[in-house]
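Asker: Below is a structure I'd like to ask you about.
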Amino acid sequence: MNHSMKRFLLPALLVMACACGQKAPEAPEARVYNAPKATGALIIDGILDEADWQNAPLSEAFADIRGVDFEPKPTKQTHMKMLWDDENLYIAGIIEEDNVTASLTEHDAIIYHDNDWEVFIDPDQDCRFYFEIELNALNTVMDLLMDRPYRDGGKFYLPWDLRGLKTAVHVNGTLNDPSDKDTGWTVEMAIPVASLCVDFQKPEELLQKDWKIGFSRVEWLKAGGPEENWVWNPTGMVDMHQPERWGVLHFAE
């Protein structure tokens with residue numbers, strides 16, 4: 001089953017499971033990332049050479065979405081880092097890849113048809129009005145707003161755009177050239193906190209508490225699939241739209 005089919009069929013499958021009295025897998029313990037506050041300006045260029053990035057802790061290696069002990073384990077390494085200041089959340093993705101490829105160039109294309117990098121953010125942890133951002137190695141972005149998870153009848157709003165979002169990608173190798181061996185690609189993002197405010201929230205209020213945040217990497221190991229879903233905090237099922245099962249972002253001073 002391909003990725004798009006999974007995303008649209010999964011809500012129905014979950015309903016069927018509930019009707020049969022089956023329970024969803026127990027949620028794994030959430031990983032926590034203590035994001036340092038940036039001390040200087042960051043240039044969003046996909047190159048993590050600033051001192052703040054060098055000092056930011058490297059996350060745990062991404063695991064299969066079904067669990068850290070699920071076999072087979074990811075064949076390529078993926079990590080992330082985060083920083084913040086009074087205006088932005090900064091995210092870096094470090095993605096090991098021996099052949100970096102991408103084809104989609106149109107904003108809001110279905111980016112997970114390429115190998116991609118995905119971020120899911122629920123600032124107030126209420127599982128409502130959360131955000132999804134995806135991009136590929138061409139730095140093509142898809143961003144959307146979810147009113148609630150699909151399991152609860154949720155709908156996505158693709159025309160929503162994350163105002164002020166800055167993203168950049170640096171390829172360590174040659175994009176779309178299988179004749180040489182690459183080492184990977186790096187994502188750098190600056191996400192304005194003010195653009196994530198809903199329900200009359202203020203940016204400074206959001207920065208005073210922890211967020212739920214999820215990271216996913218879709219990897220097509222061979223043409224036609226199936227695709228791999230490697231994530232920072234496994235949800236225990238092939239579904240990222242489980243906000244309560246994401247990791248925790250803590251804003252550290």
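Asker: In straight Cα distance, which aspartates and glutamates are under 14 Å from K222, not counting same-chain residues fewer than 8 positions off?
Answerer: The qualifying aspartates and glutamates are E97, D98, D114.
Asker: Related question: Just how large is the dipole of the chain about the Cα centre, in debye to the nearest 20, putting +1 at every Lys and Arg Cβ and -1 at every Asp and Glu Cβ? List each step's numbers first, then the result.
Answerer: Values: 22 positive and 44 negative charges, 159 e Å.
Charge dipole of the chain: 760 debye, to the nearest 20.
Asker: At each listed q (0.14, 0.16 Å⁻¹), what is the log10 of I(q)/I(0) that the Debye formula gives for the chain modelled as equal alpha-carbon point scatterers?
Answerer: -0.95, -1.28
Asker: Moving on to the next point. Top mean-square fluctuation among E227, E132, E71, Gaussian network model of the chain, C-alpha springs under 10 Å?
Answerer: Taking springs between Cα atoms under 10 Å, the residue moving most is E71.
Asker: Relative contact order of the chain, please, whole-number percent, based on alpha carbon pairs below 8 angstrom and at least 6 residues apart.
Answerer: That works out to 28 percent.
Asker: Compute the normalised compactness of region 160-227: alpha-carbon radius of gyration over 2.2 N^0.38 Å, N being the residue count.
Answerer: Scaled against compact globular proteins, the figure is 1.61.
Asker: Sticking with this one: Do the sum for the chain: with -39,500 (n - 2.57) for every DSSP H run of n ≥ 4, divided by all residues, what is the mean residue ellipticity at 222 nm, to the nearest 500 deg cm²/dmol?
Answerer: Only helices count here, giving -3000 deg cm²/dmol.
Asker: Loop only per DSSP, at most 16 neighbouring Cβ atoms within 10 Å: give me the trypsin sites (Lys or Arg not before Pro) in region 121-155, ordered by residue number.
Answerer: R128, K155
Asker: Also: Could you give the dipole magnitude of region 125-253 about its Cα centre, charging the beta-carbon of Lys and Arg +1 and that of Asp and Glu -1, in debye to the nearest 20?
Answerer: The dipole of region 125-253 has a size of about 180 debye.
Coordinate-derived values only; no laboratory data. From a predicted model like this one, the values you see are computed outputs, not experimental measurements. Here Cβ is always computed from backbone atoms with ideal geometry, including for glycine, and neighbour counts include all displayed protein chains.
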